[in-house]
Each structure stands twice: as structure tokens, then as C-alpha cells.
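Take a look at the structure below.
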Amino acid sequence: QYGASIGGPVVQDRVWYHGSVELIDQKYTLPLARRITDLQSYLVPLNIDVLPATAYRQPFEDLLGNGKVNFQLSQDHTGFVRYAIERTTLYNTGLRFGSALRATHPEWDDNHFNAWNMGIGETWVVSPTTLNSFNFQYLHYKQNQFVPQCAEMGFTPEQCLLQTLVFPSVSTSPAPMTSGFPSRDEPRWQIKDDFSMLLGEHSLKLGADVSFMPKLGGTFAVNAGSITFFDDPDVIVNNTNGRYPQGFRTPGIVRAIARITQNKLPNWHTEDARTFGGYINDDWRLSSKLTLNLGLRYDLYYIMDQPNLDKNRVYQVLKAIGSPFGDIPKTDTNNFAPRIGAAWDIGGDGRDIVRLGYGMFYPIQCITPFYTQNLFQEPTIYFTQTTANSAIGVGALADYVYGVSPLPAGPPADPTEIPRGALISSTPTTSASWYDPNLKDQVEHIIHAGYAKQLGGNMMVAADYTHIEGRNEWRPLEVNPLCTAQGPAFEGECRSPGFQGPEAAIGRRILSTATEAVFGDPNMLGPTEIVFSNNRSRYDELALVFQRRGTTASFQASYVLSGAFGYGAAVGGVFVNGSSFVPEKANNTGGCWDCETEWGPGFSDERHRLTLFGTFELPFGIEAAPTFTVASARPYQQYRAANPNGAGSLRCYAGDNCLTPGSTGEIVSVHSARGQSLINLNMRTSKAFRLNDSHELRVFAEWFNIPNRANFGQN
């Protein structure tokens with residue numbers, strides 16, 4: 001890490017400047033579990049360009065720079081102009097823990113993130129008790145992800161498809177087929193104004209901010225598609241379950257073959273996105289010991305490409321078959337969020353403080369829940385056409401032999417409508433997407449209570465409790481699963497809700513009878529996700545802190561006891577924080593998302609965390625600053641097989657190669673297993689050398705992961 005800064009006056013007492021530049025160069029390697037490496041080794045004899053890996057090289061480089069000029073415009077007016085840039089490059093970010101490297105191209109991808117920001121601001125002292133602050137900023141963000149291309153590596157599209165395999169635990173890297181690459185080019189404007197006034201015992205503040213994003217989103221590269229299997233490579237090669245007598249040459253063992261439209265640059269733009277936020281707040285000093293805080297905020301998000309929702313091809317199909325999901329969601333305009341808080345100085349001397357607070361918060365969604373819908377709203381749509389088996393040897397691929405049989409035909413290059421018999425989805429791993437017409441913005445209810453006490457002149461202790469209740473959280477649910485009414489993984493009718501025709505036959509998708517009746521095509525839609533706002537989550541945290549400050553030693557210890565739980569393991573909203581799991585039990589309205597086994601710890605659930613750090617003066621003028629952290633293991637999911645519905649994977653049963661105890665044959669809850677606890681010690685040591693009265697040279701060394709522990713975490 002390298003950096004430099006400079007600053008000083010331009011005009012004495014009127015104009016000042018400051019600038020800095022920083023370069024971060026990190027050589028990072030992501031280690032893999034031995035089982036993943038072994039599973040990748042089973043794929044080498046297939047001659048599909050697989051290079052088994054024990055680790056992924058993921059170097060990171062980040063260049064940051066900024067400059068700022070401050071002005072004293074007059075006695076009551078000050079202003080500033082700021083400019084900042086960031087240039088980031090990362091390699092192999094598209095690889096996940098089960099992904100395999102390519103022998104001909106070990107560097108899977110390189111990502112370039114470029115952003116620049118310009119801002120101006122003006123502060124006006126209206127009176128001794130009144131202040132107004134105005135800010136404007138422009139941000140331009142670009143991303144370009146360069147990936148290896150089939151043509152450059154000498155492969156045909158069919159060869160690329162045969163090399164792109166998906167198993168429950170591992171997969172091979174996808175190979176884009178065109179000269180296009182994923183990119184984003186997003187300009188944003190923001191205007192913000194804050195007004196403050198002291199009025200007796202009240203400190204009032206109100207303000208508003210407006211953001212404009214004329215083109216939110218970007219474009220995709222196009223790859224060949226994927227071939228998905230029911231079981232892992234070791235099961236297939238060794239025939240451990242008796243279903244693969246000829247290994248990979250056994251007919252009918254492919255679950256699905258997905259082929260992707262070959263648009264040059266399919267885009268997922270949201271046009272003319274904008275947001276508005278406004279607030280009013282009052283800090284009311286009731287007495288010298290008690291302060292009350294009252295506030296109200298309002299947020300409006302217009303980021304779902306609302307003007308083009310009626311062009312969505314999935315919506316048009318759902319509307320035509322009379323589905324209750326065949327309607328357009330309305331922009332949520334009820335996002336009023338009250339807040340109330342209190343601070344009590346018990347003795348009036350600042351040594352014992354009690355804090356209480358409650359607030360509602362409407363977090364803005366990222367682009368994730370919109371981009372798949374946006375793909376179906378463009379003049380030329382982008383989708384995956386799937387040919388599938390419902391079980392080994394059952395379905396459209398019953399006689400298909402991997403690497404021997406001809407591949408199914410792919411979709412047209414530039415479709416404007418959903419073709420017949422396509423079983424479409426948006427990508428090989430996600431579904432055709434739409435929204436629940438009753439969609440609302442998610443809201444978090446946050447309660448906080450805290451106590452802090454000063455001990456003597458240099459020590460303090462504090463205890464804080466926080467409870468977050470998530471409501472109306474967004475989660476995609478599969479509404480077009482395969483009808484398997486005789487099995488434990490399905491409940492309810494095998495028909496589209498609202499459709500009056502006959503039920504779908506066993507082994508067909510629920511919407512197939514409805515699309516056949518209206519369009520004459522039972523295979524129009526494949527996996528179909530509807531984004532609902534019905535999910536719930538809960539987070540609880542108790543944080544204890546002890547702090548001591550001294551001239552030769554300062555020390556702080558913190559302990560956090562916490563729990564993060566949600567349906568589908570989604571805490572804080574799947575599109576805001578992490579991902580979620582498809583309900584194990586499917587039905588025609590999205591599955592039993594709130595079944596008992598669907599409630600489980602989130603990705604960030606960490607029950608205990610203890611952190612110790614401080615600075616200490618050692619002999620010979622050496623200063624040491626160690627940091628020691630131990631934390632509980634975080635949860636992970638256990639799978640037994642790919643989900644035949646084409647959405648996610650099926651969880652394992654207790655007693656069936658599961659690490660979670662329980663009755664044999666009983667489905668385990670989401671995130672029922674725990675990975676590895678965290679133990680880490682870092683330290684910085686430094687020594688100063690005084691050169692003269694005005695110059696000092698400081699030499700330092702930083703020591704990371706002193707125990708040399710891998711800390712695999714959830715993996």
C-alpha cells in the first residue's frame with residue numbers, strides 16, 4: 001500500500017487546497033477444500049479443458065485519488081469543489097468455490113471498475129441559530145469484465161457447451177462465445193439540501209435529497225449455456241448409487257441442457273431511475289439530563305424500470321393465462337418511517353449514559369431483483385432455452401448420452417418473442433422472472449438500548465442491545481415447479497392459481513396446462529420466479545465493550561453475542577444481504593417458504609465474537625499494536641442433489657451423509673451445518689527516528705495471520 005498527500009493555502013484565510021493519492025496492491029489467494037479439488041479431478045478424463053485447482057489466484061489493485069478546494073466566499077458563506085477517482089482491477093472474481101479453472105486459460109476473468117466523482121457544496125450561516133447546507137454531486141461508474149472467448153481459444157459453440165458442466169458441488173467455468181463482455185456505464189446526479197435551526201430547547205433539522213440515474217444497469221456477455229447433471233462426478237464415475245453402470249456414457253443421466261440466445265450484447269437497463277428522500281428531525285432537550293429525539297423520514301424509489309413493465313414477455317404470458325401474478329406492481333408510496341430516541345445522563349456529569357431508540361428504515365434495493373426482469377422487457381429478449389429430464393432416464397433427454405448424442409437445437413439468435421417449446425429462463429441458474437403485483441418495499445424495525453459508564457479518568461464500559469425485525473423482505477419464489485404430487489417435495493394443486501382448466505400431469509410443470517390451453521404450447525415457460533415481499537427475518541445483538549486509555553498503553557476488549565435468522569436463511573432481504581434458498585417443498589404459489597425447516601441462520605450468523613486490540617510502548621521506543629479475534633463458525637448449506645425443478649438444490653436428509661444429527665430421512669433445516677471457527681492475530685510494530693526539530697522518520701512492519709491458520713470459514 002502506497003500513498004501521498006499534499007495541502008495548504010492558496011489565498012491566505014480565503015482559499016485552501018488538499019489532494020491525495022493511494023495505491024493498494026494485494027496478492028490474494030483463495031484456497032479450496034480438498035474435496036472440491038478431488039471432484040474436479042474426475043472431470044479431467046473427459047478432455048473438456050479442466051485444470052483441477054487447490055487455490056484460486058485473485059490479485060487486487062486499487063488506485064484512489066482526490067482533490068478538494070475550500071473557499072471562504074464571505075463572512076456567512078463557505079463552499080468547496082471536490083474531484084475524486086478510483087481505478088480497480090480484480091482477477092478471477094467470477095470463480096466460486098466449486099468452479100474449475102481452464103487448462104488453456106487459467107486466468108478466468110479480469111474486472112475493471114472505474115469511477116469518478118465531482119461534487120460542489122455551499123454552507124450559509126443564515127443567522128447565529130440557523131444554518132443551510134447545499135450539495136450537488138455527479139458520479140460516473142464504469143465496469144468492464146473481460147473473459148476468455150470460445151473463438152479465441154479455438155472452440156466451437158458446441159464444444160463450449162460440452163465443456164460447461166454443472167454438478168451439485170462443482171462446475172466448470174462458463175466460456176462466453178462473443179466479442180462482447182459484461183459492462184456497466186452509469187451516470188448519476190444527486191442534489192441534497194439540509195436546513196438546521198436552534199429554537200429554544202429544540203434543535204430542528206430538515207432536508208431532502210433527489211437522485212437521477214438515466215441508465216441503471218448494463219450489458220451481458222453471452223455464453224454457450226450449460227449441461228447439468230443429477231449427481232456429483234465421483235458418484236457418476238464410481239457408480240456409488242447404482243444408477244451409472246456406464247459412468248458418463250450412461251444414457252439419460254443429464255438433468256438439463258440449457259442453450260442461450262446469441263444476442264450480441266443483451267442489456268438489463270432500468271431507464272430513468274430516480275429516488276427521493278426527505279426528513280424532519282427534532283432534538284428536544286427536556287432537561288439538563290434528558291434529550292428526546294423525534295424524527296420522520298419518507299423515501300420513494302422509482303428504480304424498477306416502471307415505464308417498460310408492460311413490455312415484459314413473462315408478464316404478458318401470465319396475464320394471458322389468467323394468473324393472479326399477471327398484473328403490474330405499483331410503486332410503493334407509503335414509505336413513512338418514524339424514529340424516536342432518548343439519551344439520559346443519569347448523574348448529569350456524563351459518567352452514566354442510557355440510550356433508547358426505535359426506528360423504521362426502508363433500504364433501497366440493488367439492481368439484482370430487477371435485472372432478470374429487465375432482460376424480458378427489451379426489444380430483443382435474452383433467455384435460456386432448456387431441454388430437461390425430470391429424473392434419470394425420464395424426460396426429453398431420456399436417451400441422451402453425454403459427448404455422444406447430438407445436442408438439442410438452440411434458440412434463435414435475436415428473438416423478439418418467447419418461442420414455442422423453449423422452457424425459457426433468464427440464465428442457466430435463474431428463472432424467468434416477474435413480480436408479485438402486491439409487491440411492497442421492505443422495511444426494517446430497529447430497537448436499540450444502551451448503557452455506558454465511565455470508570456475513573458481513563459476507563460469505560462458499555463453494553464448495547466440491538467434488535468432488527470425485517471418485514472416485507474424481498475425473496476424470489478418458484479411458481480412453476482414440476483408437478484410431483486406423490487412426493488414429499490410438493491404440496492397443493494398441480495395447476496396455475498386462478499386457472500380453471502385441468503391440472504398438469506405428473507412430471508410436467510404447473511403452468512404447462514394453462515399455456516397449452518391458451519398458446520397451444522405446454523413447454524413455453526421453464527422455472528419461473530416471482531419476487532414476493534413476504535419474507536421475514538430477525539437479528540439480535542448484545543455488544544459489550546471495555547476501554548482503557550493511557551500514556552504507555554491503551555487497550556480495548558469487545559464481545560458480541562448475536563443471532564441472525566430468516567426464512568430461506570435470508571436476513572435483511574435476499575437482494576440486500578447475500579442470497580436465499582429455494583423452499584424444499586414446492587407448490588403453485590412459490591412453495592412452503594415459511595415451513596418449520598425453512599427458518600434458519602443467515603450467511604452472516606456468528607454467535608460469538610471476541611476482539612482484543614491495543615497499542616503498547618515497548619523498550620527502545622518501539623510501539624506495538626496487536627489485534628486478536630476469535631469468532632464462532634458460520635453456517636453453510638448441505639445438499640444431497642440438484643433440484644429437478646431447476647431452481648437450486650435439494651437439502652440432504654439427517655443420517656444421509658449429513659453432518660447434522662437427527663432422525664434418518666428427516667430433511668435438515670436451512671444452514672444446519674457449521675464451518676470452521678475464526679482465530680486470527682495481526683500486529684503492527686513501529687519505531688520513530690527524530691531527524692531534527694521539524695522532521696521525523698517512522699519505520700513500521702505489519703504482521704498478518706501470525707498463527708498461520710487457513711480460516712476456511714463457511715467452506
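Here is how the numbers come out for the structure above:
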item: Members of the range 71-85 found to be open to solvent by less than 60 Å² (accessible area, probe 1.4 Å) and either of a type in the set (A, V, I, L, M, F, W, C) or not in a loop (DSSP other than H, G, I, E, B) (or both), listed by number; result: Q72, H77, T78, G79, F80, A84, I85
item: Count of residues meeting criterion [of a type outside the set (K, R), at negative phi and either open to solvent by less than 20 Å² (accessible area, probe 1.4 Å) or part of a loop (DSSP other than H, G, I, E, B) (or both)] in the range 276-310; result: 10
item: All positions within the range 208-246 that are small (G, A, S), open to solvent by 10 Å² or more (accessible area, probe 1.4 Å) and outside any loop (DSSP other than H, G, I, E, B); result: A208, S211
item: Check on E473, surrounded by 17 or more Cβ atoms within 10 Å (Cβ to Cβ) and in a strand (DSSP E or B); result: yes
item: Of all residues making up the range 340-391, the number that are free of Cβ contacts under 8 Å to residues at least 24 places away in the same chain and open to solvent by less than 30 Å² (accessible area, probe 1.4 Å); result: 0
item: Residue satisfying all of: in the range 24-56; free of Cβ contacts under 8 Å to residues at least 40 places away in the same chain and under 15 Å from R102 (Cα atoms); most open to solvent (accessible area, probe 1.4 Å) among these; result: N47
item: Members of the range 4-23 found to be of a type in the set (A, V, I, L, M) and touching a residue at least 40 places away in the same chain (Cβ under 8 Å), listed by number; result: V10, V15, V21, L23
item: Matching residues in the range 430-456 - criterion: being among the basic types (K, R) and either more than 20 Å from the chain's Cα centre (by Cα) or part of a strand (DSSP E or B) (or both); result: K453
item: Residue list for the range 197-207, filter: open to solvent by 30 Å² or more (accessible area, probe 1.4 Å) and not in a loop (DSSP other than H, G, I, E, B); result: M197, L198, L199, H202, S203, L204, K205, L206
item: Sole exception among (1) over 23 Å from the mean Cα position of the chain (by Cα); (2) assigned to a strand (DSSP E or B) for Q316, by number; result: (2)
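This table checks each residue for (1) touching a His at 6+ places or on another chain (Cβ under 6 Å); (2) modelled with pLDDT of 95 or more; (3) within 30 Å of D299 (Cα to Cα).
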{"site": "N238", "(1), (2), (3)": "no, yes, no"}
{"site": "Y244", "(1), (2), (3)": "no, yes, no"}
{"site": "G247", "(1), (2), (3)": "no, yes, no"}
{"site": "R255", "(1), (2), (3)": "no, no, no"}
{"site": "A258", "(1), (2), (3)": "no, no, no"}
{"site": "H269", "(1), (2), (3)": "no, no, yes"}
{"site": "D272", "(1), (2), (3)": "no, no, yes"}
{"site": "G277", "(1), (2), (3)": "no, yes, yes"}
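The values are calculated or read from the model by the stated rules, or taken from the named source; none is laboratory data. As the structure is a prediction and not an experimental result, all values here were calculated from the model. Positions of Cβ are backbone-derived with ideal geometry, glycine not excepted, and every protein chain shown enters the neighbour counts. Quick note on the areas: whole protein, heavy atoms, side chains included, nothing else; ligands and nucleic acids left out. Shrake-Rupley method; radii C 1.70, N 1.55, O 1.52, S 1.80 Å.
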